Amino acid sequence: MHLDLTGKTALVTGSTQGIGAAIAVALARSGARVAVNGRTSESVHAAIERLRADVDGAEAVPAPADVATSEGAEQVREYLPHVDILVNNLGIFGPQPAMEITDDDWRRYFEVNVLSAARLTRFYLPGMTERGWGRIQYIASDSAIVIPSEMIHYGMSKTALLGVSRGFAKEAAGTGVTVNSVIAGPTHTGGVEDFVHKMVDGDLPWEQAQREFMRQHRPQSLLQRLIEPAEIANMVVYLSSPQASATTGAAVRVDGGYVDSIVP
């Protein structure tokens with residue numbers, strides 16, 4: 001299957017590292033013009049240099065701003081008045097005992113992980129519907145379905161994203177715009193490495209720490225390993241393509257079989 005996104009402009013939030021950076025690379029490799037987003041110009045330009053090193057001839061543009069704020073989202077819209085593909089990847093996570101999650105923590109996780117995505121969708125969906133083509137995606141998590149006891153505020157935010165995605169898919173019905181969420185399973189990123197070492201013996205070598213983490217905390221994974229960011233990106237590129245025109249309103253799993261269900 002040849003997934004050609006030539007002529008399309010994509011915005012990937014939180015794309016200076018981790019899953020977001022892998023998505024930006026994969027979209028650029030498929031021919032899209034990719035806007036790389038992060039909170040600082042320095043991090044964005046460094047990510048663009050890495051992207052161009054990975055993808056010959058990649059067209060990447062900087063979109064530095066904190067899109068977790070309304071001011072930052074407006075700033076991105078000034079850089080990019082129109083996009084064809086919006087990937088709402090920005091997210092924060094971290095373990096915290098349930099009874100110690102404060103009101104401010106709850107608000108912060110909702111504002112960063114959910115409201116930022118809803119706001120950008122509100123900005124860009126009208127233009128997509130007017131043009132009769134567009135792709136919007138939300139990077140959710142297995143934690144949306146299997147709420148982790150060690151970070152229920154994070155799980156709550158990812159569950160909310162599934163509702164946001166389904167709702168906006170209904171808003172876009174019949175327009176040629178598709179809206180989907182991607183349920184990512186436990187994924188190997190720098191931030192996750194830090195998280196894993198907090199959950200198991202921090203002195204263990206990485207490969208051993210990963211195995212111990214999966215055994216203790218994610219035993220239901222059928223892969224029995226962490227997912228690589230590029231594996232998440234592969235699904236995002238497909239859902240961004242013309243070939244995915246009949247997939248909308250869906251929660252598509254790239255979770256390594258973590259969620260114990262035979263339906264999405």
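Observations on the model:
- Region 149-264 - convex hull of the alpha-carbon atoms, volume per residue in Å³: 111
- Region 104-149: C-alpha gyration tensor shape, a/c 1.5 cut-off, then a/b vs b/c: oblate
- Set of aspartates and glutamates with alpha-carbon distance to Lys158 below 18 Å, sequence-local pairs under 8 removed: Asp103, Asp104, Asp105, Glu111, Asp142, Glu150, Asp255, Asp260
- Column: log10 I(q)/I(0), Debye, Cα scatterers of region 136-180, q = 0.18 Å⁻¹: -0.53
- Percent of C-alpha pairs per 10 Å bin, region 212-264, short to long: 21, 43, 28, 7, 0
- Calculated mean residue ellipticity at 222 nm for the chain: -13500 deg cm²/dmol, from DSSP H runs with n ≥ 4 weighted as -39500 (n - 2.57), summed, divided by the residue count and rounded to 500.
- Residues of type lysines that Lys8 reaches as a straight line, Cα spacing below 24 Å, ignoring anything fewer than 8 places off in the same chain: Lys170
No value in this document is a laboratory result; all are computed from the given coordinates. It should be emphasised that the depicted structure is a prediction, and the values quoted were computed from it without experimental measurement.
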